[in-house]
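Have a look at the structure below before the remarks.
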Amino acid sequence: MLKDRTVVLGVTGSIAAYKAAEIASQLTQSGAIVNVVMTEGATQFISPLTFRALTGRPVVTEMFDVTSEYSVEHVSLARSADIVVVAPATANAIAKLAAGIADDMLCCTVLATRAPVIVAPAMETNMYENPITQDNLSELKERGFVIVGPAAGWLASGREGPGRLADISDVVGTVRRVLGKQGDLAGKHIVVSAGGTQEPIDPVRCIVNRSSGKMGYALAEAAIERGAKVSLITAPVSLGIPIGADAMSVRTADEMRQALESLVPTADAVIMAAAVADYRPKNLAREKMKKRAGGIKLELESTPDIIGNLKGDFVKIGFAAETTNMVENATQKLKEKRLDLIVANDVTAADSGFGTDTNRVTIIDSQGAVEALPVLTKRQVAEKVLDRVVTLLTKTES
Ligand code: CTP
């Protein structure tokens, strides 16, 4: 999504300006062309050379620079932009943008661009909470600017409160989400389940599995970046919710089933990446079970098959975690659960399956066509699966 896209990164004079270096670096590493514009104030906090080195691009700091490669700088910068990000944005920068004042290169560029503009405020709490700043931010929002943050926490003033620059992952995630609005899943509702369900035994113990949720979260993130509205039904995992996902947290297989049933009426596709418990304790002990000599017997009952019982007109994709006869077992699941596609992985391989960042998967469709993919990152696997979703959705529409 960011590859070869041009991002104009406006940096203003806040103590958080140093964090813009990390934003520039992450965007560049993702393949974006990053043109940094700094206000004079920003150059007091961080050197243009830092951005020059991180982006490999000239950095604009002055309104009239005869040595610059840009012809009429603010116009050519504005025109080059697929997106403009002002991070950090001071109260002063926000006031100028809201009023349309064009007395520096950054404000001129924002006024001159047709690209979407993201603003990430960073300032002292009182300045942020001041009704003037709040009005300016409302004005920007009304005009279609996307505001990200601020976060709350420790501030340079020594106080705590709202005003910190949003987390870098939030800023970069918002750039991806806004650019994704033009993606091939724009307007589609994709429901993704992720993580391993937990089935309680007593108030402190449960049956779990080793799913990390990484595959499901990668799918959610990739679908958002391709423009989809994403509902993420997540069992407990230790991952941050992807920016822009509508997340529902669940614990048990039954809660996951209920959450999915509530969402399928509007879904274009359901991708069931969660590792759902097949069994749960038949009786839930109300009190913590006491240790007993000689061990105990736990009676388990089956949980409902979620994806196999979801009814409706949407593309159904399942995953199959296998340790033997991967293709045969996965094909059987595809048929039994009436799926459009199943993504099988051999969970015994060191570079594939639970907890890893990579996956070695085989995609099988309802015609029986088998595509074995090499080892890929979970994000790359997500893109491959979503390519298939796009094809399946196009087929159902035609
Ligand atoms: N699944 C489901 N509901 C369940 C169990 C599994 O919807 N109660 C989904 C999984 O999310 C996955 C697919 O079905 O998309 C296959 O899951 P997997 O655990 O590989 O297979 P099972 O059907 O549980 O069969 P087995 O455990 O015998 O391999």
Qualifying residue in segment 139-154 (condition: at pLDDT below 95, in a helix (DSSP H, G or I) and touching a helix residue (DSSP H, G or I) at 6+ places or on another chain (Cβ under 8 Å)): no
Meets criteria (part of a helix (DSSP H, G or I) and more than 14 Å from the ligand (Cβ to nearest atom)) for residue 262: yes
Every residue from segment 155-169 that is small (Gly, Ala, Ser) and either touching a helix residue (DSSP H, G or I) at 6+ places or on another chain (Cβ under 9 Å) or modelled with pLDDT of 95 or more (or both): 157, 161, 163, 166, 169
Failed condition for residue 280, given (1) without any contact (Cβ under 8 Å) to a residue 60 or more places away in the chain; (2) part of a strand (DSSP E or B): (1)
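Check 161, 244 and return the single one that is on the phi > 0 side of the Ramachandran plot, assigned by TED's automatic domain parsing to the domain that holds residue 321 and in contact with a strand residue (DSSP E or B) (Cβ under 9 Å, 6 or more places away or on another chain).
Numbers: 161 fails: assigned by TED's automatic domain parsing to the domain that holds residue 321.
Unique residue meeting the criteria: 244.
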Some residue of segment 274-292 being closer than 24 Å to residue 313 by Cβ and hydroxyl-bearing (Ser, Thr, Tyr): no
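Quick one: in segment 338-353, which of the residues that are not acidic (Asp, Glu) and not in a strand (DSSP E or B) is farthest from the ligand (Cβ to nearest atom)?
Pass one, segment 338-353, residues not acidic (Asp, Glu): 338-339, 341-345, 347-350, 352-353.
Filter once more, so that each one left must be not in a strand (DSSP E or B): 338-339, 347-350, 352-353.
Numbers: 338: 11, 339: 8, 347: 9, 348: 13, 349: 15, 350: 19, 352: 14, 353: 11 Å.
Once the filter is applied, the top-ranked residue is 350.
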Residue ID - farthest from residue 370 (Cα to Cα), chosen from residues in segment 287-337 that are outside any loop (DSSP other than H, G, I, E, B) and among the polar types (S, T, N, Q): 302
Considering residues of segment 286-310 that are under 28 Å from residue 272 (Cα atoms) and among the small types (Gly, Ala, Ser) only, the residue nearest to the ligand (Cβ to nearest atom): 308
Total residues in segment 322-333, condition near the ligand (Cβ under 9 Å from one of its atoms), buried (at least 19 other Cβ atoms within 10 Å of the Cβ) and of a type outside the set (D, E, K, R): 1
Conditions (1) touching a Phe, Trp or Tyr at 6+ places or on another chain (Cβ under 9 Å); (2) under 23 Å from residue 213 (Cα atoms); (3) loosely packed, with under 15 Cβ neighbours inside 10 Å; number of the one not met by residue 301: (2)
Residue ID - farthest from residue 196 (Cα to Cα), chosen from residues in segment 343-389 that are β-branched (Val, Ile, Thr), surrounded by fewer than 18 Cβ atoms within 10 Å (Cβ to Cβ) and under 26 Å from the mean Cα position of the chain (by Cα): 375
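The values are calculated or read from the model by the stated rules, or taken from the named source; none is laboratory data. From a predicted model like this one, the values you see are computed outputs, not experimental measurements. Positions of Cβ are generated from backbone atoms using ideal geometry, with glycine treated the same way; all protein chains shown enter the neighbour counts.
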